[in-house]
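K.L.:
Encoded as structure tokens, here's the structure I'll be asking about.
No lab work stands behind these numbers, since they all come straight from the coordinates. Source: prediction; values computed, not measured. Every residue, glycine as well, gets a Cβ built from its backbone with ideal geometry; the counts of neighbours run over all protein chains shown.
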Amino acid sequence: MGRRSSALFYDPTGARYGIPTYPWRMAPAHLLTVRQLAARGKRPGGQSPVAQVLWRSRRYSAPGGVRVAYLYDVRLALPKRVPTERQRAALAKALKARRVCPDCGRDAGYVLSRRLGLCLDCADWEDIAA
Ligand SMILES: [Zn+2]
């Protein structure tokens with residue numbers, strides 16, 4: 001990145017862009033992208049972006065060749081949601097229910113087709129072929 005575009009995108013007060021703006025690698029350490037937060041097991045947690053990173057890209061046809069990444073304050077971030085044991089059990093049960101044929105009552109071993117609503121043994125061949 002050239003010196004000139006670094007200066008162009010350096011606006012820590014947001015006077016020019018309306019939101020604090022930094023070139024790549026010049027943002028304060030506590031401001032992270034969603035992906036950077038996720039790598040630390042966090043999520044924005046409802047906060048709006050507090051700053052942005054702007055950079056020129058030739059690889060993407062962004063307006064004016066400028067790309068943006070939004071930054072969030074890691075101090076306001078929340079832990080990523082991890083499903084609890086109970087939620088996991090409920091999900092497994094729901095998936096299993098979708099494998100049980102209402103006609104023969106057997107676990108078909110696969111999620112039943114929404115269209116047939118029955119296992120392949122119980123469904124009419126004309127319906128399966130349709
Ligand atoms: Zn069946």
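K.L.:
Report the residue, chosen from Thr21, Thr84, Thr33, that carries the largest GNM mean-square fluctuation when the chain is represented by alpha-carbon nodes joined by springs under 10 Å.
P.N.:
Thr84
K.L.:
Projecting each Cα onto the charge dipole of segment 44-130 (Lys/Arg +1, Asp/Glu -1 at the beta carbon, about the Cα centre), which of Pro83, Leu71, Cys122 comes out farthest on the positive side?
P.N.:
Toward the positive end, the furthest listed residue is Leu71.
K.L.:
While we're on this one: For the chain, list log₁₀ I(q)/I(0) at each q in 0.09, 0.16, 0.20 Å⁻¹, using the Debye formula over Cα point scatterers of equal strength and ignoring solvent, two decimals each.
P.N.:
-0.54, -0.81, -1.10
K.L.:
Under the √(5λ) rule applied to the eigenvalues of the Cα gyration tensor, what semi-axes describe the equivalent ellipsoid of segment 7-79? Give them in Å, descending.
P.N.:
They are 22, 14, 10 Å, listed largest first.
K.L.:
Is there a quick way to get the dipole size of the chain? I mean about its Cα centre, with the Cβ of Lys and Arg at +1 and of Asp and Glu at -1; what is the value in debye to the nearest 20?
P.N.:
The dipole magnitude comes to about 980 debye.
K.L.:
Let me ask something additional. Given a Förster distance of 41 Å, report the FRET efficiency between Asp103 and Lys80 from their Cβ-Cβ distance, rounded to the nearest 0.05.
P.N.:
So, using R0 = 41 Å, E works out to roughly 0.50.
K.L.:
Distances over 12 Å make up what percent of all Cα-Cα pairs in segment 85-129?
P.N.:
59
K.L.:
Taking the Cα centre of segment 85-129 as the origin, how large is its charge dipole in debye, to the nearest 20, when only Lys and Arg (+1) and Asp and Glu (-1) carry charge on their Cβ atoms?
P.N.:
Charge dipole, segment 85-129, about its Cα centre: 480 debye, nearest 20.
K.L.:
Hey, rough spin-label estimate for Ala29 and Ser57, points 7 angstrom out along Cα→Cβ, what's it come to in nanometres?
P.N.:
Label at Ala29, label at Ser57, 2.7 nm between them.
K.L.:
Packing-wise, with mean Cβ within 10 Å as the measure, how do 23-32, 95-104 rank, highest first?
P.N.:
The packing order, highest mean first, is 23-32, 95-104.
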